[in-house]
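Visitor: Questions regarding the structure given below will be posed in turn.
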Amino acid sequence: IITQLELFIEALRNSKSEDASPRFRPHLVFSGNPGTGKTTVARLLADILREEGLLKRGHLIEATVGDLEGEYIGQTRIKTQALCDRARGGVLFIDEAYGLMSNSNHGDHADYGKEAIEVLMQFMVILCGYKADMENLIQNGNQGFMRRFNGKESFIQFNDYTPEVLYTIFQRQIKGMETDDEFDNAVQNIINYQYSHRTARWGNAGEME
């Protein structure tokens, strides 16, 4: 992840030069299960880009697809534009972005996802969600969607934490409490069991909470 982000930052920096290609797209896809640090990394990335002078404000605006969807044709564009204006100079982070799939809409406006994407892609956006769902969105969601990203460096996979890392996260949750070896061993056994039986919707750090 660090290497990919370093390449992305370098590409973004190069895109600011006078002889840069106008085709650079500063968008990212963060895929993975909940609790793997996607939002945290997005916030840190925004901070780094501000410190590097690549973003004016470097703030992170978090939203879901529901924040973009309008109740009638045309309203989605207005709501999405307003959200992007709030994120101007920073990063817009769209969680569960696979909801932009047109056929995932349960309202009357079947093309709201396409309408939202047309506005979103004018700004720096990080789309976030489960790996399989995000792959489906990129490959099948909207015609030409793939062209709105730069390449492999735009797609970052957040893997599940290992049991060892999960135990460290758990220890931080109970910092200051006294425990003994029996308790610690029992917790590690529980974490190992949960990890080995985890589903596609495993919550990682959220499970430790």
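The values are calculated or read from the model by the stated rules, or taken from the named source; none is laboratory data. Bear in mind the structure is a predicted one, so any value in this text is a computation, not a measurement. Areas reflect the complete protein model, heavy atoms only, side chains present, ligands, DNA and RNA absent. Shrake-Rupley method; radii C 1.70, N 1.55, O 1.52, S 1.80 Å.
Visitor: Skipping prolines and chain starts, which residues have an amide H placed within reach, meaning under 5 Å, of the one on Tyr130, given they are 5 or more residues away or on another chain?
Guide: Gly32
Visitor: Using the structure shown, list the pairs from Lys131/Lys175; Lys56/Lys79; Lys79/Lys152; Lys16/Lys131; Lys38/Lys79 with a Cα-Cα distance above 27 Å, or answer none.
Guide: Beyond 27 Å: Lys131/Lys175; Lys79/Lys152; Lys16/Lys131.
Visitor: Quick check for you: with a 1.4 Å probe and neighbouring chains kept, what is the accessible area per residue of region 145-189, in Å²?
Guide: Value for region 145-189: 73 Å² per residue.
Visitor: Follow-up. I need the phi-derived Karplus couplings for region 82-90: 6.51 cos²θ - 1.76 cosθ + 1.60, θ = phi - 60°, integer Hz, Gly and Pro marked x.
Guide: Coupling constants for region 82-90: 5, 5, 5, 4, 5, 8, 4, x, x Hz.
Visitor: Is the C-alpha gyration tensor of the chain telling us rounded, prolate or oblate? Criteria: a/c under 1.5 is rounded; beyond that, a/b larger than b/c is prolate, otherwise oblate.
Guide: Prolate shape, in that a/c is at least 1.5 and a/b is the bigger ratio.
Visitor: Calculate what fraction, in whole %, of the accessible area of the chain sits on carbon and sulfur atoms when a 1.4 Å probe is rolled over the protein chains.
Guide: 47
Visitor: I need the phi-derived Karplus couplings for region 164-175: 6.51 cos²θ - 1.76 cosθ + 1.60, θ = phi - 60°, integer Hz, Gly and Pro marked x.
Guide: Along region 164-175, the couplings run 5, 5, 4, 5, 4, 5, 4, 4, 5, 5, 10, 4 Hz.
Visitor: Same structure again: Tabulate in residue order the Karplus-calculated ³J(HN,Hα) for region 53-60, using 6.51 cos²θ - 1.76 cosθ + 1.60 with θ = phi - 60°, rounded to whole Hz; enter x for Gly and Pro.
Guide: Karplus values, whole Hz, x for Gly and Pro: x, 8, 10, 6, 10, x, 8, 10.
Visitor: So, one more: Students sometimes get this wrong: rank Arg57, Arg50 by accessible area, probe 1.4 Å, all chains present, largest first.
Guide: Listed by decreasing accessible area, they come as Arg57, Arg50.
Visitor: List the residues, sorted by chain then number, that are 5 or more residues from Gly70 or on another chain and whose placed amide H is less than 5 Å from its amide H.
Guide: Thr76
Visitor: A further question on this structure: Please state the shape class of region 1-70: rounded when a/c is under 1.5, otherwise prolate if a/b exceeds b/c and oblate if not, all from the C-alpha gyration tensor.
Guide: Judged from the Cα gyration tensor, region 1-70 comes out prolate (a/c at least 1.5, a/b above b/c).
Visitor: Could you give the accessible area per residue of region 1-58, probe 1.4 Å, as a whole number in Å²?
Guide: 58
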